[in-house]
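Read-outs: derived from the displayed coordinates by stated rules, not from any lab. Please read these numbers as outputs of a predicted model, since none were measured by experiment. With ideal geometry, Cβ positions are generated from the backbone for all residues, glycine too; neighbour counts draw on all protein chains shown.
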Amino acid sequence: MSNSKEIFYKNLAQTTPFALGYEISHAEGSTIYTTDGRAILDFISGIGVSSLGHGHPAIKKAVIDQVEKHMHVMVYGEFIQESQSKLGEELSRVLPQEIDSYYFVNSGTEAIEGALKLAKRATGRQQIIAFERAYHGSTHGALSVGGNKAKQTPFLPLLPNIDRIQLNNLSDLEKITTETACVILETIQGDAGVRIPDYHYMQALRKRCSEVGTLLILDEIQSGIGRTGKFLAFEHFDIVPDIITMGKALGGGMPIGCFASRKELMEQLSDHPMLGHITTFGGHPVVCAAAAAGLKVLREENLIAGVQAKADKIASLLVHPCIKEVRYKGLMIAVDLDSEERVQKVVDDCLKNGLLTFWFLSTAYSFRLAPPLNISEEDLEKGCAIILAAIEKTAN
C-alpha cells in the first residue's frame, strides 16, 4: 500500500465505509489517470464541477498568474482584488440585469446558508417553504431545507418553520402566503433523479411568490453554468428568481459558492447588523481567477450551444430493455434501470472497465451522468458503449 493510500484510510475522515479508493496521478481533458496506470473516462465531472474537463490551459494559467501576484490578503469584502472584479464582470455578462450583486463564498452549501439568511433579513418573515426530495447541501440550514428524512434524522432538531410542497403540484402553491420568507427550489432537482419542473408550474410559482411578497430562491449549484444548455436552468422557464445560488462548475475546478440578488436586497446584509454574513476565505483571489477564466472559456468557445446535441446523442445511444428512462435537461442526466441491484452492478462494472459514473444519494433505481460540456464525440460514444456493455452483462 502506498503512503498516500495508507494515510487516506488511516487519517482522513471517510464519508462512507466503501470509498472508491483509486489513487490519482493526474487528470487531463475528459480522462482521470491513476498511479497504477489506469485511464478512467470521466462521465461525472466531479459531480458537475469540472465542466470544462480537467486541466484546461486557460484555467491553469489564470491560477498560476494569480498565485504569483498574491493569495489571501484579507477577509471578504474589504480590499479591491482584481480577480474578484473579473469574476463579477463575467457574471454581469450572463446573469439577468436585475441580479446585479454577487456574494462569493466557499461552497454551494454556504451559498444556500447565505441565501436563507438574506431572505429572512429582507422580508422579516420566518417561514420557509422547501420541496420534497430536495437536496441543497449538508450544513445545518441546507440540510434543514432538504427532503431526505434519513439524512436529516440523526441531526435533529433542524431549523424550525419549514414546510414542504411537491414539485409540479399547483394546488400546493396556496401554502405560500404573506408569512413566507422564501421558497427554495433546485431549478432541476438533482439528487431526486433529475426531476424537471413543468414550464407552467414555474410560471405559476414565480407569480405566486410575487403576489405575496415571498422571495424565490433558485438553487443552480448543480444545474447552472451551462450544464442544462442554458447558462442557468431557470432561463428555460422564462422567469427570474429573487436570489440565485451557484457553486460547483462556477469555480472551474476550484471550490466556490455564490449567492446573487438585487443590490437593494443584498445591501441589507451590511447593515442592522453590519457583517450580517461574513466569510474569511470567500472570494479567494486564486479561486476567483480560475472561475473568471472558466466563464470566459465557456463564453468565447460557445460551449453551451453544443450541450443539447451531446445530450440528445447520449439519449439516442442509451437504448436497452433494462433502461426504463433516460431523463435529462442538457448534460444533467439520470438513467433509470429496472432494479436497485442492477444500478449498483452497472456503476461498479463501468468503473472496472474505465468509465466513471455515479449513484444518486436518494434515488436508488437511477445512476447519474454529467460529462464535461466539451467532451469529444469519440469519448461520448466510447462511454455510452461501456454503459451498454455493463447493462448487457447484468442482463445475462
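Here the spin labels are modelled as points 7 Å beyond Cα on the Cα-Cβ line, and at Asp348 and Glu381 they lie 3.2 nm apart. Rounded to the nearest 500, the helix-only mean residue ellipticity at 222 nm of the chain stands at -10500 deg cm²/dmol, with each DSSP H run of n ≥ 4 adding -39,500 (n - 2.57). Measuring max minus min along each principal axis, the C-alpha atoms of region 316-362 give extents of 26, 25, 21 Å (largest first). Taking a ≥ b ≥ c as the square roots of the eigenvalues of the Cα gyration tensor, an a/c ratio below 1.5 marks region 132-273 as rounded.
Each label was represented as a point 7 Å from its Cα along the Cα-to-Cβ direction; for Gln152 and Glu6 these points are 4.5 nm apart. Available extension along the chain between Val212 and Ile24 is 62.5 nm, counting 0.36 nm per residue and deducting the alpha carbon span. Once the gyration tensor of the Cα atoms in region 304-396 is diagonalised, the equivalent ellipsoid follows with semi-axes of 20, 14, 12 Å, ordered largest first. Stokes-Einstein diffusion of region 179-218 at 20 °C, 1.002 mPa s viscosity, Kirkwood radius from Cα pairs, rounded to a whole number: 199 µm²/s. Can you give the Kirkwood hydrodynamic radius for the chain, in Å, rounded to one decimal and based on Cα pairs? After inverting the pairwise mean of 1/r, the radius is 21.9 Å. Sorting Cys384, Cys288 by the number of Cβ atoms found within 10 Å of their own Cβ, with the fewest placed first, yields Cys384, Cys288. Per the Debye calculation on region 236-318 with a single equal scatterer at every Cα and no solvent contribution, log₁₀ I(q)/I(0) for q = 0.25 Å⁻¹ amounts to -1.21.
Treating r as the C-beta distance of Val94 and Asn396 and R0 as 41 Å, the FRET efficiency rounds to 0.30.
Couplings 3J(HN,Hα) of region 148-159, computed from phi: 9, 4, 5, 7, 8, 3, x, 10, 5, x, 9, 4 Hz, in residue order, whole Hz [Karplus 6.51 cos²θ - 1.76 cosθ + 1.60, θ = phi - 60°; x for Gly and Pro]. Pairwise Cα distances in region 75-140 exceed 17 Å in 58 percent of cases.
Segment Leu361..Glu301, full-extension length gain: 18.3 nm, with 0.36 nm per residue of separation and the alpha-carbon distance subtracted. Which percent of Cα-Cα pairs in region 1-133 sits in each 10 Å bin, short to long? Here the calculated profile for region 1-133 is 8, 22, 32, 26, 11, 1. With a simple spin-label model that places each label point 7 Å from the Cα along the Cα-to-Cβ direction, the separation between Ser138 and Ala309 comes to 3.9 nm.
Of Ser2, Ser107, the sequence from fewest to most neighbouring Cβ atoms within 10 angstrom is Ser2, Ser107.
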